[in-house]
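Only one structure is covered here, and it is reproduced in the block below.
Here, each number is a calculation from the coordinates, and none is a lab measurement. Because the structure is a prediction, the values reported are computed rather than measured. Here the Cβ positions follow ideal geometry from the backbone for every residue, glycine too, while neighbour counts run over all protein chains shown.
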Amino acid sequence: MIDFHSHLDLYTDAISVARETSQRNRFTLAVTTSPKAWVATSRILGAYPNIKIGLGLHPEIVEEKAAERDLLIDYIRNAEFVGETGLDGSKRFRSSFELQRSIFTSLLRECTAQGGRIISIHSRSAATQVIDLLNTYPDVGIPVLHWFSGSESELKRAIDRGCWFSVGPAMSCSASGRKILRLLPLDRILPESDGPFAVVGKRPIMPWAAISVSAEIARCRNLEVGEVEDQFLENANKILKQSKSL
Ligand code: MN
């Protein structure tokens, strides 16, 4: 169906997963974790017209990949989609937080200069800081917060900022994830797998299974699964159309 945040290049046997994804999904955004990975993945998986490759620098690895910072900014000009990027304020990555912030700020500034991009954004334990920066750069394009896990008031700020949200089956596994699924604006949500990192029942979520998050959304909002799937499709068409006009 649709997967708006997949690490397609990181599955075991990525080439055959990509082939199957292209057959089964209408649209897939394959985010990458570094500019060099974006180049390599575009070369290997870029031939499928319904798979787009996002240019990223994952906040969890900015220290290791700091040397690719200039490449990231240079390549934005040629990237239709950007991600994975963002901030991670959890304890494990606290030491790189200022570097993360500096790189994410440069990225937002360049996306603005290039007329805006669709940007898939990580905001674990840093939703406030991500939204503050997005407010500083109002013309950055369309921010899509992936696997949002902030507080209710942070969620409200993100909604007020105009953010979109990509949500996946792994969010149905926790009470806090289910609460977010209940509160999100239905006209700004997109399905995501975040596979192979995200797992359900110890198995990585496949890109064509992202849509199964519809079941939990339907349950908690008193809708039919088909209605949620239709909404996802409508939303995807809308955001991709907007992307063309950026
Ligand atoms: Mn991810």
ask   = So what's the projected area for the stretch 1-146, the Cα convex hull averaged over all directions, in nm²?
value = 8.3
request  = Compute log10 of I(q)/I(0) for the stretch 187-246 with the Debye formula, placing one identical point scatterer on every Cα and leaving out solvent, at q = 0.16, 0.29, 0.30 Å⁻¹, to two decimals.
outcome  = -0.58, -1.10, -1.13
Alpha-carbon spread of the stretch 1-72, three principal axes, descending order, Å = 36, 21, 19
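How big, in percent, is the set of alpha carbon pairs in the stretch 160-215 lying more than 19 Å apart? Please list the in-between numbers first.
Numbers: 380 of 1540 pairs.
Tail of the P(r) past 19 Å holds 25 percent of the pairs.
Grab the other residues whose beta carbon is less than 11 angstrom from that of R77, score K and R as +1, D and E as -1, and report the net. Could you put the intermediate results ahead of the total?
Values: positive: R117; negative: D74, E80, E110.
With Lys, Arg at +1 and Asp, Glu at -1, the net is -2.
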remark   = If each K or R counts +1 and each D or E counts -1, the residues other than S96 whose Cβ falls under 10 Å of its Cβ total -2
key: Debye, to nearest 20: dipole size of the chain, +1 on Lys, Arg Cβ, -1 on Asp, Glu Cβ   = 180
query = Over the stretch 78-137, one equal point on each Cα, no solvent: what is log10 I(q)/I(0) by the Debye formula at q = 0.18, 0.26, 0.27, 0.30 Å⁻¹?
reply = -0.59, -1.12, -1.19, -1.37
key: Solution diffusion estimate, µm²/s, Stokes-Einstein, the stretch 30-104, Kirkwood Rh from C-alpha pairs, 20 °C, viscosity 1.002 mPa s   = 171
remark   = Over the chain, the quotient of the Cα radius of gyration and 2.2 N^0.38 Å is 0.93
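Counting only helical runs of four or more DSSP H residues, what would the 222 nm mean residue ellipticity of the chain come to if each run contributes -39,500 (n - 2.57) and the total is spread over all its residues? Mind dumping the intermediate values first?
Numbers: 9 runs with 103 residues, N = 246.
After summing the helix terms and dividing by the residues of the chain, the value is -13000 deg cm²/dmol.
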inquiry  = Taking every alpha carbon pair in the stretch 61-196, what does the distance histogram look like in 5 angstrom bins from 0, in percent?
reply    = 2, 10, 21, 23, 21, 14, 7, 2, 0
